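This is the structure I want to talk about, given as structure tokens.
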Ligand code: SF4
Ligand code: SF4
Ligand code: SF4
Ligand code: FES
């Protein structure tokens, strides 16, 4: 693919009416409301332009796009003039040519004439337009007042701003406002003195800029330019692929110069991101070639030994031999595997198949266990499908948006920008979160209601919202009568109307003012379209599944399901959480969430796989750990998950891993879990993968390799060879073949194939004969389960309580620049913004403990203690502290507990009773951390 995308200059009109016009004597039909400039470009007529681009509203400042319109005086700007029926436009006349040349001459007279050595040479609209208008001479000279000495702001690690090249077209300012919604840029000064300014004359790095790259993308000159392009030069080809960070699933063009990646540019046709990006996908890809990447397989007999570098063949034979010995000694069920939500569907599918067909048990689980497993359980139980109900674009039809336990601007930034666009158009916002997340108040956005509940009280709050709606006769009775199970409706109403669910009683438990609960409930119920978006602040609780069902109850009761603008929508953390669950990674389900206990389902897979599948569900991750500690579980194949850092109650995880005889880690880096491993199989980065990811809206996106596997082997081949070494004949020739098998065995994927995805771009499952082009909105005419089921959601408080010893509640989350355990982002310049985990504490709690900004503090729970630096902020309420878990040396999970969701065992990361105190030295766990890091990463022959 060529690297430059077509630019139609102004956004498409959505008006269904069509009008006939004439451009340079040629008839054309375009949508009413289209600008003349776009109409011309749609019909192959290239009117020059500089300040217009089709991702932004027209601005009309550069005067390059002037045209003549029959019957009108003067020369209107074609970007800001809409077409009218019968309009006759002339785009090329002598007068126009002269005018355009004059304008261009003025621009060029204040522009460095270094085109040949400029980093944008060949990709500069100013250069193109100068050529297009036929500018040959600049009459004004360069001696007068000019901007040629404006300096370069190189403070941002990924892009630079060279003021001498700026033509003040304002595209960057508008991109920051309209596309990103950060409002970090302004045009400062007037007339000749006007110039682009980040915040108020600050360096980009010190400004409010969040490095999304939208301004760089929009800039028509070399003013805003990626440093990678400055260093390496312009790309020569590009390949469309999918970001491997979060569940938004943004499409990118990986722009290559030969075999070197020089830029990731958000793809305009990407159906999840429409050409937008965040700092991670856009810039933080350098980890893929980081020196820490392991390129050869490693083995060792004991974790006390140094690693030995071996061939792939030796590593795989050795692993198979160890697993066989363990099974011979401890039984068939003594080993298992973990699939990764960071890997492709194809890679995940073969791991669960390895476990079922070659290990001969169902001991497979996935990292979704610790994030969104309650989503699967809750939405399947109530609505019938383990997935969100809407496409992202649906938010543009929402009148009220409820964000619960999610922080989209930090964790799902591109979707957050879209949501903010809708909020700026007038949709109302309700935020339910213990912290004052960025959305509560940000430029041109103010939440109508913020419900700052105590961690652990989601369920009573959702019940109280429902109580107000049912008691106030605000439910949509017609919808419920037609679409839902009425027995469950009656039982749920009785439960919800109990006094304990009244706002006043819930206020006592949750700390949220009863009046605010009432007002928020009325706003949600009375909206035309109300949509719920939620994250791990909902699921990672002892009642995570209950809360998911509580939200589904609320949406059903108010008829907010089955059309655009409504729904219950999980914001998935990792790039392929949805896919890894869909692929049969849970110990009780085969691909497509079909029970392994169902003989008919098993038979279908058995016939295809040529093995007998164990009818008994296997171990979940926590069961594996418990069995390991009890001496019954001895071997684990871990695909791309850092259990030792990301799972709760670190000491227990470490004890379990230490109890095993063969821990196999397949990953890019020697991570925390690798410290306990006996075999390390180097994995591939997303740039080397061929396959698919599924984002939070069930969208199946292609992941295309832009370079061959750096360590010499596709990850699915590693798994396949291990299966073969264990005696199971797995024999795929390509990733596409794996998808073909998935499609054949999974009813919701029946029509999916790589060829189909290459043709249509992407598709949302179910995609089968009943929905050949996929299913953007679920449950349109009926719920997948038939009648929607109301489930009673009694509040059962977590056993994790504050005490005199542990008087504060710790909750955890993420920041924009880092990602999860940080394995990738910590190996990029994203550390510039957030290099270490900090503990947020309210000023009153800090004062009480004598803690000042930046002090080292100890964070102690009944499980353990760590130290980290404190930051004092009223984003958290008194009694609540907050931290991130991006750095292994912080050990945030040393303090989290063993409590988990009653239905799915999803850990209760979001509620831990703790004490915070000033500290003078690091904790003993952290002292050990470094020692162990040194000892366990040694390679004997390195
Ligand atoms: S990088 Fe994004 S946030 Fe920063 S100034 Fe540009 S558009 Fe605004
Ligand atoms: S930095 Fe680029 S986009 Fe912004 S005003 Fe200057 S030339 Fe236009
Ligand atoms: S929003 Fe998510 S998917 Fe999109 S670029 Fe950022 S990290 Fe990648
Ligand atoms: S493109 Fe129309 S005025 Fe700039």
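For region 140-180, taking Cα atoms only, what is the radius of gyration to one decimal and the Dmax to the nearest whole Å?
13.2, 39
What translational diffusion coefficient, to the nearest whole µm²/s, does region 606-700 have by Stokes-Einstein, given a Kirkwood radius computed over alpha-carbon pairs, a temperature of 37 °C and 0.692 mPa s viscosity?
214
Kirkwood Rh over Cα pairs of region 854-933 into Stokes-Einstein at 20 °C, 1.002 mPa s: D in µm²/s?
Reported coefficient: 157 µm²/s.
Which Rg and Dmax, in Å, describe the Cα atoms of region 769-844?
22.3, 61
Output the 0 to 90 degree angle, nearest 10, between the alpha-carbon long axis of helix 599-609 and the longest principal axis computed from the alpha carbons of the chain.
70
Something else about it: Output the relative contact order of the chain, whole-number percent, from Cα pairs under 8 angstrom with separation of 6+ residues.
Averaging sequence separation for qualifying contacts and normalising by length gives 13 percent for the chain.
Which semi-axis lengths, in whole Å and largest first, follow from the square roots of five times the eigenvalues of the Cα gyration tensor of region 56-126?
Taking √(5λ) for each Cα gyration eigenvalue gives 29, 14, 10 Å.
Quick one: order 799, 202 by neighbouring beta-carbon count within 10 Å, fewest to most.
799, 202
Quick one: Cα centre-to-centre distance for region 446-521 and region 338-389, in angstrom?
With region 446-521 and region 338-389 each reduced to a Cα centre, they are spaced 32 Å.
Okay, next question. I'd like the distance between the alpha-carbon centres of region 395-434 and region 761-816, rounded to an integer number of Å.
17
For region 448-594, what does the alpha-carbon gyration tensor say about shape, rounded, prolate or oblate, given a ≥ b ≥ c as the root eigenvalues, a/c under 1.5 as rounded, and a/b over b/c as prolate?
Prolate is the answer for region 448-594, as a/c is 1.5 or above and a/b outweighs b/c.
May I pose another question? When the C-alpha atoms of region 662-721 are aligned to their principal axes, what extent does each axis show, in angstrom, from largest down?
For region 662-721, the Cα extents along the three principal axes come out at 36, 26, 20 Å.
Additional query: Among 800, 94, 208, which comes first, second and so on when ranked by fewest other beta-carbon atoms within 10 Å?
Placing the least packed residue first, the sequence is 94, 208, 800.
Equivalent ellipsoid semi-axes for region 595-640, as square roots of 5 times the alpha carbon gyration tensor eigenvalues: give them largest first, rounded to whole Å. If you can, show how the numbers build up before the last one.
Details: eigenvalues 141, 30, 17 Å².
They are 27, 12, 9 Å, listed largest first.
At 222 nm, what helix-only mean residue ellipticity would the chain give, in deg cm²/dmol to the nearest 500, using -39500 (n - 2.57) for each DSSP H run of four or more?
After summing the helix terms and dividing by the residues of the chain, the value is -8000 deg cm²/dmol.
Over region 247-343, one equal point on each Cα, no solvent: what is log10 I(q)/I(0) by the Debye formula at q = 0.10, 0.20 Å⁻¹?
Evaluating at q = 0.10, 0.20 Å⁻¹ gives log10 I(q)/I(0) of -0.54, -1.04.
What is the spread of the Cα atoms of the chain along each of their three principal axes, largest first, in whole Å?
Sorted largest first, the three principal extents are 89, 72, 65 Å.
Let me ask something else about it. Over what distance in Å are the Cα centres of region 178-200 and region 863-905 separated?
Region 178-200 and region 863-905 have Cα centres separated by 39 Å.
Compactness ratio of region 472-547: Cα Rg over 2.2 N^0.38 Å, N = residue count? Display every interim value, and only then the final one.
Numbers: Rg = 14.2 Å, N = 76, 2.2 N^0.38 = 11.4 Å.
Dividing the Cα radius of gyration by 2.2 N^0.38 Å gives 1.24.
Just want the ordering: 912, 409, 117, from fewest to most Cβ atoms lying within 10 Å of their own Cβ.
So the ranking, lowest neighbour count to highest, is 117, 409, 912.
Where does helix 312-330 land angle-wise versus the long Cα axis of the chain, in degrees 0 to 90, nearest 10?
Once rounded, one gets 30 degrees.
Also: Please find the FRET efficiency linking residue 780 to residue 731, where r is the Cβ-Cβ separation and R0 is fixed at 35 Å, and quote it to the nearest 0.05.
Here the calculated transfer efficiency is 0.30.
At 7 Å along Cα-to-Cβ for each site, give me the label-to-label distance between residue 208 and residue 482 in nm.
4.3
Taking Rh as the Kirkwood radius, which is the inverse of the mean 1/r over Cα pairs, what is the Rg/Rh value for region 1-75?
Details: Rg = 12.8 Å, Rh = 13.3 Å.
On the Cα set of region 1-75, Rg over Rh gives 0.96.
What is the helix-to-structure angle for 373-382, meaning the angle in degrees between its Cα long axis and the longest Cα principal axis of the chain, kept from 0 to 90 and rounded to the nearest 10?
For 373-382 against the chain, the angle is about 90 degrees.
Can I ask one more? Could you list, bin by bin from short to long, the percent of Cα-Cα pairs of region 887-942 in 5 Å steps?
4, 13, 17, 18, 15, 13, 10, 6, 3, 1
I need the per residue convex hull volume for region 759-803, using only the alpha carbons, in cubic angstrom as a whole number.
Spelled out: Cα convex hull of region 759-803, divided by residues, is 158 Å³.
Could you give me D for region 288-445, from Stokes-Einstein at 25 °C and 0.890 mPa s, where the hydrodynamic radius is the Kirkwood radius over C-alpha pairs? Units µm² s⁻¹, please.
On the way: Rh = 20.3 Å.
Answer, rounded: 121 µm²/s.
Determine by what factor the alpha-carbon radius of gyration of region 514-656 differs from 2.2 N^0.38 Å, reporting the quotient.
1.38
In addition: Run through every distinct alpha carbon pair of region 112-236 and return the Kirkwood hydrodynamic radius in angstroms, one decimal place.
On the way: mean 1/r = 0.0655 Å⁻¹.
With all distinct Cα pairs of region 112-236 included, I get 15.3 Å.
No value in this document is a laboratory result; all are computed from the given coordinates. Here the structure is a predicted model, which means the values were calculated and not measured. No Cβ is skipped: glycine too gets one built from the backbone with ideal geometry, and neighbour counts run over all protein chains shown.
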